[in-house]
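Worksheet: the structure to be examined is printed underneath.
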Amino acid sequence: MIRRNLKRALDAALIDVGGTLWPNSWPFRETDALGRRERIAAAMPAMEPEAVEALADDLISSSRPGDEARSISTEMEIVVKAEVLIANSLARQGLPADPQTVMRLRRAMSIPISDRMKPLPGAQELLAEIHALGMRTAIASNTYWRDAESYWDDFRLLGLAGDIDAIFTSVDAGHLKPHPAVFEMALRWAGCTPDRCVVIGNREENDIAPALVIAPDLWACAKALRAMLDSD
Ligand SMILES: [Mg+2]
């Protein structure tokens, strides 16, 4: 056992979210806009209610094309970054776009995961298996509004937070996968070289291109991981 641990070939799994751990798309609901208005008001406590209302109208209407595209797929092409969209909206309202305000509004615009949303079959088992194999798990995900803090709330709600050790998003990294920034953040956290990590994801360009194994589902993925370590 000790010898196996010393010889262990993989230290960490870097795991995608949309289309991998949970569904790739979900419908946008009317209540989502209401929730955003409430969170925007909470994020701007010093503002007059009418000004908050005007800002919320602008933010919600200018992000509608993205919302509609994301109800089809979380893997849409992002044209305008969330920070830029928010800064433009603040400018139209004659408000300063300091980084703290932009961050608070970005989190306010992030729609919490629905209580109807379920992880994909085998997701919890895969995460548990990675831990059982002595590896650590890090989320490596392309997002629009969500940063790591928003994601922790989602994973707590889904009951998966205990199986995840760290979260890295394109919002935190400043670039979308396949740009290496998200993976580089995860590697720095893991403190290991890329050859000691495995990337698990559903999208060929972002996740699969450098992969060794293609698994049809998450159980097969867990099995393939165990086999990789056993053959060491
Ligand atoms: Mg994906």
Computed for the range 30-109: size of charge dipole around the Cα centre, +1 on C-beta of each Lys and Arg, -1 on C-beta of each Asp and Glu, debye to nearest 20, value 240
Spelling it out for Arg136: with amide H atoms placed in the peptide plane at 1.01 Å from N, the residues 5 or more places away or on another chain with amide H under 5 Å from its amide H are Ala12, Ala13
Any residue on another chain or 5+ positions along whose placed amide H is under 5 Å from the amide H of Trp22 is listed here as Leu120
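What is the local net charge at Asn202, summed over the other residues whose Cβ is closer than 13 Å to its Cβ (Lys, Arg +1; Asp, Glu -1)? Each step should come with its number before you reach the end.
Values: positive: Lys177, Arg203; negative: Asp16, Glu75, Glu204, Glu205, Asp207, Asp217.
Net charge around Asn202: -4.
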Note on the range 30-109: contact order normalised by length, alpha-carbon pairs under 8 Å, 6 or more apart, percent, works out to 39
Rounded to the nearest 10, the angle in degrees between the Cα long axis of helix 148-158 and the longest principal axis of the Cα atoms of the chain comes to 70
In nm, the gap between the two label points placed 7 Å beyond Cα toward Cβ at Glu184 and Ala97 is 2.4
Simple SL model, points at 7 angstrom along Cα→Cβ for Glu30 and Thr193; separation in nm is 5.9
Rounded to the nearest 10, the angle in degrees between the Cα long axis of helix 218-230 and the longest principal axis of the Cα atoms of the chain comes to 40
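Taking 0.36 nm per intervening residue step and subtracting the Cα-Cα distance, what contour gain separates Glu53 from Ala132 on full extension?
Numbers: separation 79, 0.36 × 79 = 28.44 nm, distance 4.94 nm.
That works out to 23.5 nm of additional length.
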Under the 7 Å Cα-to-Cβ spin-label approximation, Ala41 and Ile214 lie apart by a distance in nanometres of 5.1
Restricting to Cα pairs under 8 Å and 6 or more apart, the percent relative contact order of the chain works out to 29
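Please compute the alpha carbon radius of gyration of the chain, then divide it by the globular-protein estimate 2.2 N^0.38 Å. Two decimals is fine. Write out the running numbers ahead of the final one.
Values: Rg = 19.3 Å, N = 232, 2.2 N^0.38 = 17.4 Å.
It is 1.11.
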Taking Cα atoms, the helix 99-109 axis meets the longest principal axis of the chain at an angle in degrees (rounded to 10) of 80
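To the nearest 20 debye, what charge dipole does the chain have about its Cα centre, counting +1 at the Cβ of each Lys and Arg and -1 at the Cβ of each Asp and Glu?
Details: 26 positive and 34 negative charges, 134 e Å.
For the chain, the charge dipole is close to 640 debye.
Rule-based calculations on the coordinates, nothing more; no lab input. Source: prediction; values computed, not measured. When we count neighbours, we look across all protein chains shown, and the Cβ atoms used for this are built from the backbone with ideal geometry, even at glycine.
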